[in-house]
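A short worksheet on the structure shown next.
The values are calculated or read from the model by the stated rules, or taken from the named source; none is laboratory data. Since the structure is predicted, the reported quantities are computational estimates derived from the model, not experimental observations. No Cβ is skipped: glycine too gets one built from the backbone with ideal geometry, and neighbour counts run over all protein chains shown.
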Amino acid sequence: MKGKVLKQSSLLLASAMLVGSLAACGSSDNTEKEPEGTTGTTTETPAVDTTPITYTMLAADPSPDWNQMQDEIGKKITEKTGITLKMDFATDANKVSLVAASGDYPDIISAKGSSNLFVDAGAVLDLTDLIDKYGPNLKKVYGDYWNRLKWNNEDQAIYVIPTYDGVGQTYFDAGGAFSLQHQAVEEAGYPEIKTVQDYEKIIADYVAKHPTTADGKKTIGLSLLADDWRIMISVTNPAFQATGASDDGEVYIDPKTYEATFHYRRPEEKEYFRWLNHMNDIGLLDPESFVQKEDQYKAKIAQGRVVGVIDQKWGFQSAIDTLKKDGNEKATYGFYSVQLDDSTVDHSFEPTGFMGGYGLMISKDAKNPERIIQMLDYLASEEGQIMVNWGFEGEQYNVENGKRVIPQEVQDAKTNDASNFRKTTGIGLWTNYAPHYGDGVKDSTDNYFTTNFPEQIVASYTAEDKKVLEKYGKTTWKDFYPSETEFAAKPWGAAWNLPVPSDSDANIIYNKLTPIVRKDIPEIILSKPSEFDAKWDAFMAELDKNGVTKYEEEYTKYIKERVELWSGQ
């Protein structure tokens with residue numbers, strides 16, 4: 001899980017809301033070919049109309065630091081394009097689906113895994129011709145990956161401008177899912193951390209020695225978050241990560257046959273959930289894991305009470321920021337590659353190539369849609385890319401000997417007061433709202449477009465981060481993981497961002513399976529160990545009864561079609 005571990009985990013289907021996801025194959029070469037399927041007639045950026053105009057936008061992901069475009073970057077975007085965005089964040093899990101069904105659409109839609117609802121409703125525009133006429137920078141960014149913007153084999157329109165995945169992405173750091181407080185690892189003597197048993201021992205020993213925190217609060221061994229879709233990131237996705245599978249959301253894809261399996265049906269994952277059941281039985285699992293809300297979960301972490309967190313870093317970043325702001329760096333976290341046992345290899349960094357998928361759509365009701373394309377094209381330009389990632393020269397960065405560098409006081413603000421820094425400068429606010437190059441890609445001046453490259457990543461670490469890494473002989477958290485060079489790129493990218501028709505058998509069945517998973521998995525984890533096998537068998541039987549085999553057959557078909565589309569065959 002890359003940004004998941006990475007990044008960023010994952011969701012699977014239309015009706016689900018997720019975030020996530022995984023490794024991408026990267027290149028530091030930003031030279032792109034003319035996108036296949038475009039006319040190639042546009043050689044210069046058309047003049048941009050800067051007459052003031054406001055567009056409404058629905059975003060599936062909440063952005064707590066959004067500042068109504070009053071951040072420095074937001075103001076510059078308005079100055080350059082005349083556009084102001086009136087944002088509406090889907091804080092309710094059902095809001096995106098409700099808007100799709102309403103017939104009353106905002107101008108711009110960022111629906112993540114529910115994009116197909118708007119496409120199926122005829123609510124959004126085919127952007128192919130608009131990009132061809134008004135988007136030379138967009139065409140340059142997507143370059144060789146033009147086929148990956150097309151909806152499917154039958155409908156090769158471009159409805160979504162991908163913004164969640166960076167083109168040419170190279171992952172230089174890890175950020176999930178098995179994390180441990182620095183103070184616990186230090187007290188354990190910096191032992192080897194490779195299996196869940198290693199992970200468990202550090203937690204158990206620390207809790208035994210420190211049953212309460214310095215301010216008298218109870219120490220929590222391991223806390224999970226099962227609030228709505230976050231159950232996938234914190235509870236269920238780690239089951240495939242810890243058993244040597246790649247991140248494909250709710251399915252496992254056989255790399256040779258492309259056959260899809262609802263990943264819970266993998267026998268090895270049963271044993272991962274058995275381990276969580278064991279953690280609960282011995283009192284190391286937070287008993288509130290399956291009832292707490294996200295703010296309660298983050299509050300516990302921010303108080304320094306939670307020794308181990310299984311989650312993506314973005315899922316509790318604000319709590320980490322609070323710990324650093326409070327001077328409690330020892331209670332912040334390192335990120336480790338953990339497997340159920342020694343028989344599997346962590347696939348967190350298995351390359352996907354550019355995945356496309358999640359991004360921005362333009363409603364059929366939007367007036368002057370070319371203005372929106374021109375705004376996105378500006379953000380995709382070299383000037384725009386440098387601005388959204390670095391800020392402004394002389395303010396958030398300087399140029400020394402031809403290289404962009406971040407002054408120490410600015411870096412300190414980014415590290416120790418991250419939320420306020422994002423809110424005032426806009427750096428970090430625009431990533432999911434703009435097409436962009438990935439980490440590791442360089443601009444025309446031989447500087448990286450993003451600030452996520454090895455030297456800058458190390459510079460952003462706290463003293464405690466560096467101390468722990470040094471003890472292990474590592475430079476970044478990624479060094480704990482198998483390298484992406486050990487794997488071939490997946491020709492289907494990542495299955496979790498596959499657009500599945502909302503009226504398909506796969507989607508209908510998935511909507512039956514999801515409530516079963518979200519009900520049964522917590523019950524299984526919280527059951528008595530003596531009841532585990534019987535409850536697991538009942539869970540498997542319930543999946544069978546609700547069409548899981550048909551779901552897998554349908555999903556296999558979609559995966560094979562994507563491979564065909566992306567390969568240009």
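None of 292, 296 is part of a helix (DSSP H, G or I) and farther than 21 Å from residue 421 by Cα except 296. In summary, residue 450 fulfils each of the numbered conditions (1) at pLDDT below 95; (2) crowded, with 18+ Cβ neighbours inside 10 Å; (3) assigned to a loop (DSSP other than H, G, I, E, B); (4) on the phi < 0 side of the Ramachandran plot with the single exception of condition (1).
Looking only at the range 453-486, filter to residues that are of a type in the set (Phe, Trp, Tyr) and closer than 19 Å to residue 413 by Cα; which one of those is surrounded by the fewest Cβ atoms within 10 Å (Cβ to Cβ)?
Quick first cut of the range 453-486, residues of a type in the set (Phe, Trp, Tyr) only: 453, 461, 472, 477, 480-481.
Next cut, closer than 19 Å to residue 413 by Cα only: 453, 461.
Working: 453: 19, 461: 17.
Out of the qualifying residues, it is 461.
Any idea how many residues of the range 277-289 are part of a loop (DSSP other than H, G, I, E, B) and either in contact with a Gly (Cβ under 7 Å, 6 or more places away or on another chain) or buried (at least 20 other Cβ atoms within 10 Å of the Cβ) (or both)? Can you show your working first?
Pass one, the range 277-289, residues part of a loop (DSSP other than H, G, I, E, B): 282-284, 286-289.
Adding the requirement that they be either in contact with a Gly (Cβ under 7 Å, 6 or more places away or on another chain) or buried (at least 20 other Cβ atoms within 10 Å of the Cβ) (or both) leaves 284, 286, 289.
Counting residues in the range 277-289 that are part of a loop (DSSP other than H, G, I, E, B) and either in contact with a Gly (Cβ under 7 Å, 6 or more places away or on another chain) or buried (at least 20 other Cβ atoms within 10 Å of the Cβ) (or both) gives 3.
Of all residues in the range 240-276, those satisfying the criterion of being in contact with a helix residue (DSSP H, G or I) (Cβ under 8 Å, 6 or more places away or on another chain), in a loop (DSSP other than H, G, I, E, B) and hydroxyl-bearing (Ser, Thr, Tyr) are 243, 246, 258. The set of residues from the range 300-315 being among the charged types (D, E, K, R), within 15 Å of residue 203 (Cα to Cα) and in a helix (DSSP H, G or I) is empty.
The strands (runs of 3 or more DSSP E) falling completely within the range 326-411 that include 1 or more residues that are under 25 Å from residue 52 (Cβ atoms) map to 359-362.
Cβ separations smaller than 8 Å between residues 6+ apart or across chains give the following pairs from the range 286-309 residues that are on the phi > 0 side of the Ramachandran plot to residues that are of a type in the set (Val, Ile, Thr) and surrounded by 14 or more Cβ atoms within 10 Å (Cβ to Cβ): 304/213. In the range 206-224, is there at least one residue being closer than 30 Å to residue 110 by Cα, of a type outside the set (Val, Ile, Thr) and at pLDDT 95 or above? Yes, the range 206-224 contains at least one residue that is closer than 30 Å to residue 110 by Cα, of a type outside the set (Val, Ile, Thr) and at pLDDT 95 or above. One residue is enough: does the range 510-520 have a residue meeting the conditions crowded, with 16+ Cβ neighbours inside 10 Å, without any contact (Cβ under 8 Å) to a residue 40 or more places away in the chain, in contact with a Leu (Cβ under 7 Å, 6 or more places away or on another chain) and closer than 30 Å to residue 557 by Cα? Looking for residues that are crowded, with 16+ Cβ neighbours inside 10 Å, without any contact (Cβ under 8 Å) to a residue 40 or more places away in the chain, in contact with a Leu (Cβ under 7 Å, 6 or more places away or on another chain) and closer than 30 Å to residue 557 by Cα, one finds at least one in the range 510-520, hence yes.
So, of the residues in the range 220-242 that are surrounded by fewer than 24 Cβ atoms within 10 Å (Cβ to Cβ) and touching a strand residue (DSSP E or B) at 6+ places or on another chain (Cβ under 7 Å), which turns out to be farthest from residue 484 (Cα to Cα)?
Checking each candidate, the answer is 220.
How many residues does the range 43-93 contain that are closer than 19 Å to residue 385 by Cβ and of a type in the set (Phe, Trp, Tyr)? Residues flagged as closer than 19 Å to residue 385 by Cβ and of a type in the set (Phe, Trp, Tyr) within the range 43-93 amount to 0. Taken over the range 213-233, the residue count meeting the criterion of being assigned to a helix (DSSP H, G or I) and either of a type in the set (Lys, Arg) or under 19 Å from residue 283 (Cβ atoms) (or both) is 1.
Cβ-Cβ contacts under 7 Å between residues 6 or more apart (or on different chains), taken from a first residue in the range 491-507 that is surrounded by fewer than 22 Cβ atoms within 10 Å (Cβ to Cβ) and part of a loop (DSSP other than H, G, I, E, B) to a second residue that is of a type in the set (Asp, Glu) and modelled with pLDDT of 95 or more, are listed as 504/554.
Of all residues in the range 186-212, those that are over 25 Å from residue 291 (Cα atoms), in a helix (DSSP H, G or I), within 28 Å of the chain's Cα centre (by Cα) and charged (D, E, K, R) total 1. Looking only at residues in the range 397-425 that are touching a residue at least 24 places away in the same chain (Cβ under 8 Å) and over 28 Å from the mean Cα position of the chain (by Cα), the one that is surrounded by the most Cβ atoms within 10 Å (Cβ to Cβ) is 403.
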